[in-house]
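Everything below concerns the one structure shown next.
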Amino acid sequence: CCYALTLLATSDLHARIMPYDYAWDRPLPSVGLARVATLIRAARAEAPNTLLFDNGDFLEGTCLGERPRLGGRSAFADQHPVIAAMNHLAYDAATLGNHDFGFGVERLEQALSGATFPFVCANLVRERGPDPLSDRPFLPPVALLRRTLRNTTGTPAEITIGLIGVLPPQVEIWEHRNLDGKLLTRDILDAAAAWVPRLQAMGADLIVALCHSGIGGALPVPRMENAALPLAAIPGIDAIIAGHSHRLFPDPAAHDYRATPGVDAARGTLAGKPAVMAGFWGSHLGLIDLALARDAAGWRVLSAESHLRATAEIRPDGRIRAKVTSDPALTRLVRGAHKDTLRMIRT
C-alpha cells in the first residue's frame, strides 16, 4: 500500500516575514514568509501528509529581526516575531544557520525557548568528547517525529521520521566574538556519520537531513563548508534540505552543477537522494514529494520528486510581480512588530 509524504522547506529567511524592504522603506514583492505562508497553506491542502521544516538563518537579516541592536523595542522581550510566525505556521522542526548567532548565544537561546517545535543540530556543541556521540550538545543533535500517514483510502499507518541538523563549522570563525569560550563545532560529515546510525537504532523509518550547507564538491574535505553532496551519500539519509548558499535546487539552468558527479540539478537529486534548496528571504517554498511503501521489512522510498514554488516572477518588461498574496492571519500576527520596526527606521 503506497503512502505519499510531502516535505515542505524554507531556508535563509533572514527575518523576512513581511514582503518589505526596511532599508529603503518600501514594499518588496519578491520575498517574505507571509507570502510563503500562502504557498504552504496551498501545499497542505493538496497533499494528504506534509511536514514543514526550516533550514536555518531565520533570525537575523532585517531591521525587524535586529531591533535589539538598533535601539528599537526589544524583539526578545516576549517572543521573537520570527519564532511567533513559525509557531503560527506549525513548523515541525528546524535547524540553525551561521547567522542565527549574530545576537549572541544567550539571546539565541531566549528566542528558541519560545518555539513550539524542536530544533536540532548535531555538529554544534558546548564541549567536544572523544567522538560525536560523546559531545555535550548545544541543542539535541537529532530528533524523532512520530506521525500517522493516511493513504488515498484513508488507511492510517504509523511512521517515525528521524531528523539531523548540521551547519557550517566555519561559524566558529565568522561568529568568533559570540561563540568563543561557549560553543564549538565538529565536521559536518563526521557528526552525521556518527548520528545517522544512532537514529536508525532509535527506530527512524525515514531520515531527513536539515543541512544548512550548500552544494559543493563530491569529495569530502575536512571541515567542509558546503557539504550537502557528500552528506547525501551517507547511507541511511533519505532526503536533504539544503541551504546557506542562497541558491535554488533543483535548477536545470544551473550550468556549474553539470560538471559535479552526483548532482542532478534537473531531477533535484544529490548522490541519488531527493534534495531541495529554497533560495533565500522567502523567495521560494521547497517541496520533496515522497512515495512510500511499508512491508514486513519496514518503510522504503518508492520514488521522489523535488521542486520549488516561487512567490514572485519576472515579467517580460523586467519587473518583478508577486505571484501570491500575503497570508492574512500571519500578517495580522506580526503587524505590531512590523509597525514598531517602521517607527524605528523612520526616526
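Assorted remarks:
- Yes/no for Ile188 being open to solvent by less than 40 Å² (accessible area, probe 1.4 Å) and closer than 18 Å to Ala9 by Cα: no
- Only a single criterion out of (1) modelled with pLDDT under 95; (2) closer than 14 Å to Glu60 by Cα; (3) surrounded by fewer than 22 Cβ atoms within 10 Å (Cβ to Cβ) is not satisfied by Leu112, namely (1).
- Listed by position, the helices (runs of 4 or more DSSP H) enclosed by segment 172-270 that each have at least 3 residues that are within 17 Å of the chain's Cα centre (by Cα) are 228-232.
- Of all the listed residues (Asp317, Asp264), the sole one being free of Cβ contacts under 8 Å to residues at least 40 places away in the same chain and under 30 Å from Asp205 (Cα atoms) is Asp264.
- Index of the failed condition, Ala304 passing every other in (1) part of a strand (DSSP E or B); (2) touching a residue at least 12 places away in the same chain (Cβ under 8 Å); (3) farther than 30 Å from Thr152 by Cα: (3)
- Taking the listed residues Leu219, Leu199, the one that is on the phi < 0 side of the Ramachandran plot, surrounded by 18 or more Cβ atoms within 10 Å (Cβ to Cβ), of a type outside the set (Val, Ile, Thr) and free of Cβ contacts under 8 Å to residues at least 60 places away in the same chain is Leu199, with no other qualifying.
- Some residue of segment 93-106 being modelled with pLDDT under 95, open to solvent by 20 Å² or more (accessible area, probe 1.4 Å) and on the phi < 0 side of the Ramachandran plot: yes
- Selection count where residues are surrounded by 18 or more Cβ atoms within 10 Å (Cβ to Cβ) and either out of contact with any Pro (no Cβ under 9 Å at 6 or more places or on another chain) or of a type in the set (Lys, Arg) (or both), scope segment 202-213: 8
- Yes/no for Glu127 being acidic (Asp, Glu) and surrounded by fewer than 16 Cβ atoms within 10 Å (Cβ to Cβ): yes
- Evaluation of Gly162 against (1) crowded, with 19+ Cβ neighbours inside 10 Å; (2) out of contact with any strand residue (DSSP E or B) (no Cβ under 8 Å at 6 or more places or on another chain) (one fails), failing number: (2)
- Filter result (in a strand (DSSP E or B), out of contact with any helix residue (DSSP H, G or I) (no Cβ under 8 Å at 6 or more places or on another chain) and open to solvent by less than 10 Å² (accessible area, probe 1.4 Å)) within segment 278-289: Ala278, Gly286, Ile288
The values are calculated or read from the model by the stated rules, or taken from the named source; none is laboratory data. In this text, all values refer to a predicted model and were calculated from it rather than measured experimentally. Every residue, glycine among them, receives a Cβ derived from its backbone with ideal geometry; neighbour counts consider all protein chains shown. Remember, those area values only see protein heavy atoms, side chains included, never the ligands or the DNA or RNA. Shrake-Rupley method; radii C 1.70, N 1.55, O 1.52, S 1.80 Å.
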